[in-house]
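**Student:** The following block contains the structure, expressed as structure tokens.
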Protein chains: 2
Amino acid sequence: MKTVAISGVGLIGGSFALALRKAGFSGRILGVGSERTRAEAVKLGVIDAGCSLEEAASTADLIFLSQPIFRVLEEIDLLGAAARAGCLVTDAGSTKGLIAKRGAASFKGAQFLGGHPMAGKEARGVSSADADLFRGRNWVLTPAKLADLETESAQWLMAQIRAFGSRLVILDAEEHDKLAAMTSHLVQLISTSLAATLAGVPEAKRTAGPAVIEMTRVAMSPFGMWHEIFATNPENVRQAIDAFIRNLEEARALLDSGDLEHIFDKANQAARLLRSPNVIDFQK
Amino acid sequence: MKTVAISGVGLIGGSFALALRKAGFSGRILGVGSERTRAEAVKLGVIDAGCSLEEAASTADLIFLSQPIFRVLEEIDLLGAAARAGCLVTDAGSTKGLIAKRGAASFKGAQFLGGHPMAGKEARGVSSADADLFRGRNWVLTPAKLADLETESAQWLMAQIRAFGSRLVILDAEEHDKLAAMTSHLVQLISTSLAATLAGVPEAKRTAGPAVIEMTRVAMSPFGMWHEIFATNPENVRQAIDAFIRNLEEARALLDSGDLEHIFDKANQAARLLRSPNVIDFQK
């Protein structure tokens, strides 16, 4: 593995570059993106040089797509035709079903293997990139078939993911989207809807405590990214919302009875399971 | 102010004692509670001595009730009759309507002034008590009439609250319960219902990221305390749930349209307002 190209050298792409270096990668790291972003990434020492997607397609051994989902889909079409044989293309898109389908349809000589590092922070851009961003986080790969994991490039990518301190998770793309609807997309909509509800309560901050502050943090996420996630996973998200509302309505019905205890117990157990040791410690 | 008695020397009561000392109070601090708790609190240097509620009623200048709500209601009845003239009784109960009514009905010679310090942490008990627990948090007082704030004891209590680094908030008890239903009780039920929904998704932890970990933290709260909160504020909580579900259903209906943006914008603004500087900084 001599040359890695990263399309979209922002928080995720930049952190991928820094994490590779920290894991010992000594080859060339190229960055694809706007003139300004490329220049900033070179100046910060995150990448060695900027290049076009076409140049990346003809020279890189691994291409990492860390653009928004719609742009990843476009680049998959371009790279499916242009990437040289032996090149592995992976991505960081937050939904995987459509990306996996497009990868399977577009790629011939090169290999496509979808991925989703489940990491991020509020600060964006390459200046926030962090070699340890992926440490302790799930990194999902969604092979179209299990044999996709056998290639030398795929094995190398998986070794890097483990070297980053991430928990490697192998999932079917559709299964990823069902699970992510529950654990991520629903969670965003809950935070957004809670904050939107409080928008109608001007005095809310007079009784705000730590819990509501914590529960409205992701409500400050920008809509742009989320629009593309919802647009590419709407059915699973609707089902997740419905399941959640059924649970909340059950709690509402039992509100002033002692019977609410079994819901608290179930919730308590599930919250602890999410934190159980084989998920590594998510809390920094 | 020579003698302060604290009924329920756990996390909140113990922290009140330590915060008073840190603020310079040099009088006597007595603790009411079980033999074991009193002994532990004395051993840890949190209180000077243990006593019975009757002894507190006949000797203390200020009595702070930091028991669960139902027990606070019982002690209000006892102290309304027994507390000596000039004594101020306040509390830390998480709902205020019923407590305020009971205080108004029970107290004759002594003064009752309900309160709610909006602080806490996951660890419980006097061994977790912390002189800075209330720093940067809202501390609500709910006077039955504004003149209740004019007494020397009330003025002294308010000065201590400000010395603790808390934000003093004066609210009508009913208004407190309406607001707390939105900013606290609803928030708990959302976290509980989210975790209960994930209980049906055994593979959830394979795609869990930081947001779902954060949003299910308070789902690990014990039911005991919450049962008493819901039982003493059910109507406001039901209204808060209904308002929240309306917002979530609106988001669901707009899911794959660009129109969701206005909800994100509204939510973003409300989340930022909750964090605005005049609320002090809630993030540690």
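**Student:** Under unit Cβ charges (Lys, Arg +1; Asp, Glu -1), what dipole magnitude, rounded to 20 debye, does the protein assembly as shown have relative to its Cα centre?
**Tutor:** 1380 debye
**Student:** Just grab the label-to-label distance for B:Ile170 and B:Gln155, each label 7 Å out from Cα along the Cβ direction, in nm (one decimal).
**Tutor:** The modelled label-to-label distance comes out at 1.3 nm.
**Student:** Which order results if A:Ile229, B:Ile63 are arranged by neighbouring Cβ count within 10 Å, fewest first?
**Tutor:** Taking fewest neighbouring Cβ atoms as first place, the list is A:Ile229, B:Ile63.
**Student:** Follow-up question, since we're still on this one. For chain B, which longest stretch is free of loop sites, where a loop site is one of the GluC sites (Glu not before Pro) that DSSP puts outside H, G, I, E and B and that has at most 13 other Cβ atoms within 10 Å?
**Tutor:** The answer is B:151-284.
**Student:** At a 10 Å Cβ-Cβ cut-off, how would you order B:Leu133, A:Leu255, B:Leu149, fewest neighbours first?
**Tutor:** Result, fewest neighbours first: B:Leu149, A:Leu255, B:Leu133.
**Student:** Shifting gears a bit: Connecting C-alpha atoms closer than 10 Å in a GNM of chain B, tell me which of B:Asp91, B:Asp148, B:Asp61 has the biggest fluctuation.
**Tutor:** Of B:Asp91, B:Asp148, B:Asp61, the most mobile in the Gaussian network model is B:Asp148.
**Student:** Run the quick spin-label model on B:Gln239 and B:Ser52: label points 7 Å from Cα toward the beta carbon, then report their separation in nm to one decimal.
**Tutor:** Distance between the two pseudo-spin positions: 4.3 nm.
**Student:** Quick one: if the Förster radius is 22 Å, what FRET efficiency do B:Val42 and B:Arg21 give, using the C-beta to C-beta distance and rounding to 0.05?
**Tutor:** 0.95
**Student:** Could you pull the Rg and Dmax for region B:196-279, using just the Cα atoms, both in Å?
**Tutor:** In order Rg, Dmax, the Cα atoms of region B:196-279 give 16.4, 43 Å.
**Student:** Rank B:Ala147, B:Ala17, B:Ala131 by mean-square fluctuation in a GNM of chain B with C-alpha springs under 10 angstrom and give only the top-ranked residue.
**Tutor:** The residue with the greatest mean-square fluctuation here is B:Ala147.
**Student:** Give the angle, between 0 and 90 degrees and rounded to the nearest 10, that separates the Cα long axis of helix A:69-82 from the longest principal axis of the Cα atoms of chain A.
**Tutor:** So the helix axis and the longest Cα principal axis differ by about 20 degrees.
**Student:** Pop the C-beta distance of B:Phe70 and A:Met225 into the FRET formula with R0 = 30 Å and round what comes out to the nearest 0.05.
**Tutor:** 0.05
**Student:** What do you get for the angle between helix A:234-253 and the principal long axis of chain A? Use alpha-carbon atoms, 0 to 90 degrees, nearest ten.
**Tutor:** Helix A:234-253 sits roughly 20 degrees off the main axis of chain A.
**Student:** A follow-up question, please. Could you give me D for chain A, from Stokes-Einstein at 4 °C and 1.567 mPa s, where the hydrodynamic radius is the Kirkwood radius over C-alpha pairs? Units µm² s⁻¹, please.
**Tutor:** In µm²/s, the coefficient rounds to 64.
**Student:** If you don't mind, another one. For region A:127-157, which trypsin sites (Lys or Arg not before Pro) are in a loop by DSSP, counting at most 10 other Cβ atoms within 10 Å?
**Tutor:** Those satisfying the criteria are A:Lys145.
**Student:** Placing a label point 7 Å from Cα toward Cβ, how far apart in nm is B:Arg84 from its equivalents in the other copies, listed shortest first to one decimal?
**Tutor:** 9.2
**Student:** Over all alpha-carbon pairs of region A:3-171, lay out the pair-distance distribution in 10 Å bins, whole %, shortest bin first.
**Tutor:** Once binned at 10 Å, the Cα pair distances of region A:3-171 give 11, 45, 38, 6.
**Student:** Distance from the Cα centre of region A:75-133 to that of region B:82-138, in angstrom?
**Tutor:** Here the two parts' Cα centres lie 55 Å apart.
**Student:** Stokes-Einstein at 25 °C, 0.890 mPa s, Kirkwood radius from Cα pairs: D for the protein assembly as shown in µm² s⁻¹?
**Tutor:** It comes out at roughly 95 µm²/s.
**Student:** Run through the other copies and list how far each one's label point is from that of B:Glu249, in nm with one decimal, shortest first; the point sits 7 Å from Cα along Cα-Cβ.
**Tutor:** 0.8
**Student:** With unit charges on the beta carbon (Lys/Arg positive, Asp/Glu negative), name the residue among A:Ala144, A:Phe112, A:Val169 whose Cα is farthest towards the positive pole of the charge dipole of region A:3-171.
**Tutor:** My answer, from the dipole projection, is A:Val169.
**Student:** Taking the label point 7 Å from Cα in the Cβ direction, how far apart in nm is A:Ser276 from each other copy of itself, listed shortest first?
**Tutor:** 4.5
**Student:** Which angle from 0 to 90°, rounded to the nearest 10, does the C-alpha axis of helix A:260-274 make with the longest principal axis of chain A?
**Tutor:** 20 degrees
Throughout, read-outs are computed from the coordinates displayed, never taken from laboratory work. Note that the structure is predicted; figures quoted are calculated from it, not measured. Cβ coordinates were reconstructed from backbone atoms using ideal geometry, including for glycine residues, and neighbour counts include every protein chain displayed.
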